[in-house]
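Please read the structure below before turning to the comments.
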Amino acid sequence: MSMDRLLETIRAFDGVLELAPDEGSAFPEIAWGDHFFYYSPSGQVPAREQPYATIVTKNYPGDALCDLDHPDRWRLNIHVGTNAFLELTGESSRALTTPWDYAAADVVLPHPVYRAQGWVSIVNPGRRTHVLATDLLRQAHEDARRRADRRSATEQPVVDTGQDGT
C-alpha cells in the first residue's frame, strides 16, 4: 500500500480533518511531511483532542526504533484502544513482555512510544496489512466521531438573554 493510496482512503472518511505541516506553516520543522488525522466536520482542530491516526516520515527525538530516516520508510500510527491493542499484539498495552522489532515492515506492532495509550503502528503497510490497516483506521475514525458526539451532547449551550448582567 503506497502512502498516497492510504492518504486517499483516510481523506474519504466523512468529517476527517488532516493536518499536513510543510515548510512555511506554523508547525515546527520536525513535523513537516507528516500527517495528523482528526474527526472534525467543522474543519477546526478539536480542543483537548489528540489525532486518531498519524503518518510519520522520519525519526523523532526519543522515537527512532522504527528506523524511519531511510528513503521510502514511513509509519502509520493508529489509536486502537487497549482492548484492540491486546487482540492485535497479544499483550497488554501497559506491559512490555515481548521483544519487538520495531523496524519490521508490513507488521502490526505496538507503538514504540505511545503503546500504553493503546496505539499501534505499521511501518510501510503493504500486502499483509493493508486491509487490516484500513479497517483499523475506519474504526479509529468512528471512535473519534463517537467521542465528539458525546462531548457535544454534554456541552451546555450558552444562551444570550440580551441582558448585560447589571
Based on the alpha-carbon gyration tensor of the range 21-115 and its eigenvalue square roots a ≥ b ≥ c, which shape applies: rounded if a/c is under 1.5, prolate if not and a/b is larger than b/c, or oblate? oblate
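Please grab the % of Cα pairs in the chain that end up more than 26 Å from each other. It would help to have the intermediate numbers written out before the result.
Values: 4378 of 13695 pairs.
That tail contains 32 percent of the Cα-Cα pairs.
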Karplus-derived HN-Hα couplings along the range 36-49 (A = 6.51, B = -1.76, C = 1.60, θ = phi - 60°), whole Hz, x at Gly and Pro: 10, 10, 10, 8, 6, x, 6, x, 9, 5, x, 5, 6, 9
Among P46, H111, F13, whose Cα lies farthest out toward the positive end of the dipole of the chain, if unit charges sit on the beta carbon of Lys, Arg (+1) and Asp, Glu (-1)? H111
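Would you please name the trypsin sites (Lys or Arg not before Pro) within the range 9-118 that are DSSP coil residues with at most 10 other C-beta atoms within 10 Å of their C-beta?
On the way: sites: R11, R48, K58, R73, R75, R94, R115; in loops: R48, K58, R73, R94.
For trypsin sites (Lys or Arg not before Pro) across the range 9-118 that sit outside H, G, I, E and B with at most 10 neighbouring Cβ atoms in 10 Å, the list reads R48.
Gain in length, D101 to S152, computed as 0.36 nm per residue apart minus the alpha-carbon separation, to one decimal in nm?
Numbers: separation 51, 0.36 × 51 = 18.36 nm, distance 4.06 nm.
Going from the current span to full extension adds 14.3 nm.
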Which residue, V16, V131, V108, has the most motion in a Gaussian network model of the chain that connects Cα atoms within less than 10 Å? V131
Under 10 Å, Cα contacts only: if you run a Gaussian network model on the chain, which one of G24, G126, G90 comes out with the highest mean-square fluctuation? G24
So, counting K/R as plus one and D/E as minus one, what does the shell of residues with Cβ under 15 Å around Y39 add up to? +2
In debye to the nearest 20, how big a dipole does the range 3-147 give about its Cα centre with +1 on each Lys and Arg Cβ and -1 on each Asp and Glu Cβ? 440 debye
Percent antiparallel among DSSP beta bridges (both partners in the chain, rounded to 5): 95 percent
Most mobile listed residue (P110, P99, P46) in the chain, GNM with C-alpha springs under 10 Å: P99
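The numbers here are math on the coordinates, done by the rules we state, and not lab data. Given the structure is predicted, the values throughout are model-derived calculations rather than measurements. Please note: Cβ atoms are built from the backbone with ideal geometry, for glycine as well, and neighbour counts cover all protein chains shown.
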